[in-house]
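For reference, the structure discussed in these notes is given below.
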Protein chains: 2
Amino acid sequence: MRTASRALLSSDEAAAVAAGLPAWRFTPDGRTLERLVDCGSFAEAIAFVGRVALLAEAVGHEPELDVRGPIVRVSLSTRAAGGVTSLDADLADWIERVAP
Amino acid sequence: MRTASRALLSSDEAAAVAAGLPAWRFTPDGRTLERLVDCGSFAEAIAFVGRVALLAEAVGHEPELDVRGPIVRVSLSTRAAGGVTSLDADLADWIERVAP
């Protein structure tokens, strides 16, 4: 499984991710990279979920997705590594390109 | 707003819903009707979310949807009424028809 070989981000790498993806934040335990995305409507939120899912499948990773009306929470973590890896940071970068 | 006129289910009505929709449960506070749906894969979970969203838009209601790998949690509640109404029970019934 490709995710198993991923290493957790170093603190320098995590700082670079935080700087490069200002809309994202690390959860207090540092194990998840997440973003709340306001899509404007429930219908647009569902469309965004579909776009995220296609990117996720393309890179072989599975974000957690929570839909609350127009808001989607995207949560990224690599279970096999016990936290945030480059796989998560790369997917966040891709998701950023399709976020409204 | 059509949901504003909905009344909370009576305890008899809630019991009927519980009996008629055995895969669903009321949360401990009684304010939400929810179901965990195992779709078998992340891709199928996303497809299911899309089907639920189409039904939800058709009836003018917005479920909360949480995707965790192959599992989707669907949570139904009518905010304007402060709990579960016939709108939620009806949508649960529709969702049941498209669940895997």
Query - Number of the condition not met by B:V72 [criteria: (1) out of contact with any Lys or Arg (no Cβ under 8 Å at 6 or more places or on another chain); (2) touching a residue at least 40 places away in the same chain (Cβ under 8 Å); (3) under 19 Å from A:L65 (Cβ atoms)] - result: (2)
**Report entry** Subset of segment B:40-86 [touching a Leu at 6+ places or on another chain (Cβ under 8 Å) and among the basic types (K, R)]
**Finding:** B:R73
Query raised in the report: Picking from B:T78, B:T85, which residue would you name as being within 14 Å of chain A (Cβ to nearest Cβ) and either among the β-branched types (V, I, T) or closer than 27 Å to A:A58 by Cβ (or both)?
Result: B:T78
Report summary line: Subset of segment A:23-55, residues more than 14 Å from chain B (Cβ to nearest Cβ), more than 21 Å from B:R73 (Cβ to Cβ) and in contact (Cβ under 8 Å) with a residue 60 or more places away in the chain, comes to A:A23, A:W24, A:D38
Query raised in the report: Do we have B:A58 as in contact (Cβ under 8 Å) with a residue 60 or more places away in the chain and at negative phi here?
Result: no
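Among the residues of segment A:8-20, are any under 19 Å from A:V72 (Cα atoms) and more than 14 Å from chain B (Cβ to nearest Cβ)? Working first, answer last.
Of all residues in segment A:8-20, those under 19 Å from A:V72 (Cα atoms) come to none.
There is no residue in segment A:8-20 that is under 19 Å from A:V72 (Cα atoms) and more than 14 Å from chain B (Cβ to nearest Cβ).
Coordinate-derived values only; no laboratory data. Since the structure is predicted, the reported quantities are computational estimates derived from the model, not experimental observations. Virtual Cβ from ideal backbone geometry, glycine too; neighbours counted across all protein chains shown.
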